[in-house]
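Sending over a structure as structure tokens; questions will come in a sec.
The values are calculated or read from the model by the stated rules, or taken from the named source; none is laboratory data. All values reported here derive from a predicted model rather than from experimental measurement. Neighbour counts are summed over all protein chains in view; Cβ atoms, including those assigned to glycine, are modelled from backbone coordinates with ideal geometry. These area figures cover heavy atoms from the full protein model, side chains too; ligands, DNA and RNA do not enter into them. Shrake-Rupley method; radii C 1.70, N 1.55, O 1.52, S 1.80 Å.
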Amino acid sequence: MDTGSNFEPKAWHGLLKTVAVEPAPIFALEGCGEVRLYFDPKKFSINADAVKDTLNGLVYNNNCSGFDINRLINGDIRVYLNPACHGPSDSHRVITKVAEALCKSDLFLGED
């Protein structure tokens with residue numbers, strides 16, 4: 001056990017990246033068996049059923065293990081991956097499909 005001052009837990013890996021720009025920015029953060037997607041909820045008319053259907057399809061196709069959309073109205077989606085089963089291609093597919101579900105139609109509501 002390292003008790004020195006240089007000990008810093010590496011609990012989260014990855015960088016915040018922009019995965020969509022239009023109609024409004026959507027950001028993704030990958031790491032530790034989880035993909036987090038963030039967006040400004042004021043800029044989207046969120047269809048929770050469409051997002052949930054997309055995520056259920058990803059679980060059914062074994063691209064992820066599960067998801068949490070309880071914070072969807074706050075612009076936060078969490079998708080869980082099992083590192084033993086899911087690789088970078090699954091993570092990329094999750095990000096792509098969820099971003100498409102959010103941007104599917106003219107969901108843009110407001111201006112900056």
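Pick from region 49-93 the residues that are charged (D, E, K, R) and more than 13 Å from the chain's Cα centre (by Cα): which of them is surrounded by the fewest Cβ atoms within 10 Å (Cβ to Cβ)? Steps first, answer last, please.
Narrowing region 49-93 to residues charged (D, E, K, R): 49, 52-53, 68, 71, 76, 78, 90, 93.
Then keep just the ones that are more than 13 Å from the chain's Cα centre (by Cα); that gives 49, 53.
On the way: D49: 8, D53: 12.
Within region 49-93, the match that is surrounded by the fewest Cβ atoms within 10 Å (Cβ to Cβ) is D49.
Report yes if some residue within region 29-46 is out of contact with any Cys (no Cβ under 6 Å at 6 or more places or on another chain), open to solvent by 70 Å² or more (accessible area, probe 1.4 Å), at pLDDT below 90 and part of a helix (DSSP H, G or I); otherwise report no.
Initially, region 29-46 is screened for residues out of contact with any Cys (no Cβ under 6 Å at 6 or more places or on another chain), giving 29-46.
When the remaining residues are screened for being open to solvent by 70 Å² or more (accessible area, probe 1.4 Å), the result is 32, 42.
With at pLDDT below 90 added as a condition, the list becomes 32, 42.
The next check asks that each one be part of a helix (DSSP H, G or I); those that pass are 42.
For region 29-46, residues out of contact with any Cys (no Cβ under 6 Å at 6 or more places or on another chain), open to solvent by 70 Å² or more (accessible area, probe 1.4 Å), at pLDDT below 90 and part of a helix (DSSP H, G or I): present.
In region 65-79, is there at least one residue being touching a residue at least 60 places away in the same chain (Cβ under 8 Å) and aromatic (F, W, Y)? Outline the logic, then answer.
Filtering region 65-79 down to residues touching a residue at least 60 places away in the same chain (Cβ under 8 Å) leaves none.
No: zero hits.
Separate question: In the set G66, G33, G57, G87, which member is touching a Pro at 6+ places or on another chain (Cβ under 6 Å) and either among the acidic types (D, E) or more than 17 Å from V21 (Cα to Cα) (or both)? Don't jump to the end; show me each part of the working.
Details: G66 fails: touching a Pro at 6+ places or on another chain (Cβ under 6 Å); G57 fails: touching a Pro at 6+ places or on another chain (Cβ under 6 Å); G87 fails: touching a Pro at 6+ places or on another chain (Cβ under 6 Å).
Selected residue: G33, the only one of G66, G33, G57, G87 that is touching a Pro at 6+ places or on another chain (Cβ under 6 Å) and either among the acidic types (D, E) or more than 17 Å from V21 (Cα to Cα) (or both).
Can you find even one residue in region 18-28 that is open to solvent by 90 Å² or more (accessible area, probe 1.4 Å) and at pLDDT below 95? Explain how you work it out, then say what you get.
Narrowing region 18-28 to residues open to solvent by 90 Å² or more (accessible area, probe 1.4 Å): 21-22.
Next cut, at pLDDT below 95 only: 21-22.
Within region 18-28, one or more residues are open to solvent by 90 Å² or more (accessible area, probe 1.4 Å) and at pLDDT below 95.
A further question on this structure: Please enumerate the residues belonging to region 57-66 that are under 11 Å from K97 (Cβ atoms) and not in a loop (DSSP other than H, G, I, E, B). Reasoning before the result, please.
Narrowing region 57-66 to residues under 11 Å from K97 (Cβ atoms): 57-58, 61, 63-64.
Selection gives G57, L58.
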